[in-house]
Amino acid sequence: MTKAPFHYYWSETLSQRNPGRMCPERPERLQVISPDHLRAAIPDLHHRTFVAKPASILELIHTPAYIRNVQQAGASSRRFLDNGDTAATTDIFEQALLSASAGCVAIDAIKAGETNRAFCAVRPPGHHANTMRAMGFCIFNNVAIAARYAQEFLGVKRVLILDWDNDPGNGTQEIFWEDPSVYTLSFHQSDLFPAAGGTEHYGAGAGEGFNKNAPFDPGTTEANYMMGFEKILSMVCDRFSPELLIIAAGFDAHNNDPQSKMALDESSFAKMTTLAIDITSTVTSGRTLSILEGGYNLGALQASVTAHCKAMMTPASSHPTLINHETVTH
């Protein structure tokens, strides 16, 4: 079992952020995964509220100039931070800081022994943002901030960021491009935005070999996806021995999501969660933090988050029985 109850971080404030009715990153994404909705399937869900951390946490990753840019955007007449995806609402800085704070609050709880696993249901998402630029609905890079915060305040030296959003985690990749202390591993559909998720991108300098992209062709079967997922993650864990696992948990690879051409469903995310925890738990002691990224079909998102959290609440077990390799085609 986990050391203490699994924590589910959710904020009414973040469920109200409204970037405009045409934006798929809409308030309903958090509303359908509110604790009340999830408790229908998970009666013992341990919901935790949270408040914003000091803005200094942003400086763990982002440049002061970019942080000021976001602060000023809310008071200006600007409509977007980027080329038309990331809306500059009046409360943009406060909302993005609160979203970035959840992972840090969860790290504090892990350090205090209050939990060993947590999921942060937050928006705006983060994995496309780099140190000085917003992109694709993402303002501050939530998983990157949590990783640095964990290194500074939890005392871990090696963090594995596992990104299974349907888009590549290009911002996270850029941030840790030359850093061997944070391994960035992205599983994603091969033909999607942005064009930074190829296998030729693997880090540079001291960080060379500590970034890995695993693109899957559209239409990849669940069996083949899972075989690749288990094989690559096992290899990375054996080589890197992470002390903390952070999951950039996008659920837009679901076969009902409007941008997905993958053959995954909510049960697939449960299997991936169990595999990830089982593979890494011998070196992480089960310490696992998951932070929401994409997922734009509301029904698929609700079902996938429910399955993911149920799997996170389940004790680690022997993972090889999850996949029947004899049925996998190459």
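Please treat every number below as a calculation from the coordinates, not as lab data. Here the structure is a predicted model, which is why all the values come from computation and not from measurement. Note that we place each Cβ from the backbone using ideal geometry, even for glycine, and neighbour counts take in every protein chain shown.
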| remark: Counting Lys and Arg as +1 and Asp and Glu as -1 over every other residue whose Cβ sits under 12 Å from the Cβ of residue 106, the net charge comes to +3
| query | If one puts a single equal scatterer on every Cα of the stretch 87-202 and applies the Debye formula without solvent, what log₁₀ I(q)/I(0) results at q = 0.11, 0.21 Å⁻¹? | reply | -0.36, -1.22
| remark: Reduced to Cα centres, the span from the stretch 50-86 to the stretch 261-295 in Å works out to 29 Å
| said: Which one, 255, 270, 241, projects farthest toward the positive side of the charge dipole computed for the stretch 174-330 from Cβ point charges (K/R +1, D/E -1)? | reply: 270
| message | Can you bin every Cα-Cα distance in the stretch 143-281 into 5 Å intervals starting at zero and give me the percent of pairs per bin, rounded to whole numbers? | response | 2, 11, 21, 24, 21, 13, 6, 2, 0
| field | Check: the chain dipole with +1 on Lys, Arg Cβ and -1 on Asp, Glu Cβ, in debye | value | 700 debye
| field | Kirkwood Rh in Å, taken over all unlike Cα pairs in the stretch 165-247 | value | 13.1 Å
| query | Working from the pairwise distances between different alpha carbons, so that the mean of 1/r is found and then inverted, what is the stretch 1-61's Kirkwood radius in Å? | reply | 13.9 Å
| query | At q = 0.14, 0.17, 0.20, 0.29 Å⁻¹, what is the log10 ratio I(q)/I(0) for the stretch 207-253, with the Debye formula run over Cα points and no solvent? | reply | -0.43, -0.63, -0.86, -1.30
| Of 112, 204, 95, farthest towards positive along the dipole that unit charges on Lys, Arg, Asp, Glu beta carbons give the stretch 87-210 | 112
| request: Please report 225, 202 as a ranked list, fewest other C-beta atoms within 10 angstrom at the top and most at the bottom. | output: 202, 225
| With labels modelled as points extended 7 Å from the Cα through the Cβ direction, what inter-label distance (nm, one decimal) is found for residue 153 paired with residue 131? | 2.2 nm
| query | Taking the chain as a Gaussian network, where each spring joins two C-alpha atoms under 10 Å apart, which residue of 243, 266, 200 fluctuates the most? | reply | 200
| said: Just to be sure I understand the model, the point goes 7 Å from the Cα along the line to the Cβ. What's the resulting residue 59 to residue 202 distance in nm? | reply: 3.7 nm
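Give me the mean projected area, in nm² to one decimal, of the convex hull enclosing the Cα positions of the stretch 114-177.
The number I arrive at for the stretch 114-177 is 4.9 nm².
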| said: Apply the Karplus curve 6.51 cos²θ - 1.76 cosθ + 1.60, θ = phi - 60°, to the phi angles in the stretch 203-217 and return the couplings in whole Hz, x for Gly and Pro. | reply: x, 8, x, 5, x, 4, x, 10, 9, 9, 9, 10, x, 10, 5
| query | Distance in nm between label sites at residue 191 and residue 114, each 7 Å beyond Cα in the beta-carbon direction? | reply | 4.6 nm
| field | Interchain or long-range residues, amide H under 5 Å from residue 216's placed H | value | 188, 189, 190
| said: If I take the Cα coordinates of the stretch 9-123 and project them onto the principal axes, what are the three extents in Å, biggest first? | reply: 45, 32, 18
| query | Add -39500 (n - 2.57) for each DSSP H run of 4 or more in the chain, then divide by its residues: what number comes out at 222 nm, to the nearest 500 deg cm²/dmol? | reply | -10000 deg cm²/dmol
| said: I'd like the FRET efficiency for residue 217 and residue 178, computed as 1/(1 + (r/R0)^6) with the beta carbon distance as r and R0 of 30 Å, rounded to 0.05. | reply: 0.50
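Quick one: length gained pulling residue 239 to residue 91 fully straight, 0.36 nm per residue minus the C-alpha distance?
Net length gain for the segment: 49.0 nm.
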| query | Using only Cα atoms, what Kirkwood radius does the stretch 93-143 have, in angstroms? | reply | 11.4 Å
| request: Just add up the charged neighbours of residue 75: K/R +1, D/E -1, any other residue whose Cβ is under 14 Å from the Cβ of residue 75. | output: +1
| task | Note the direction-averaged projected area, equal to a quarter of the hull surface, for the Cα convex hull of the chain, in nm². | result | 15.1 nm²
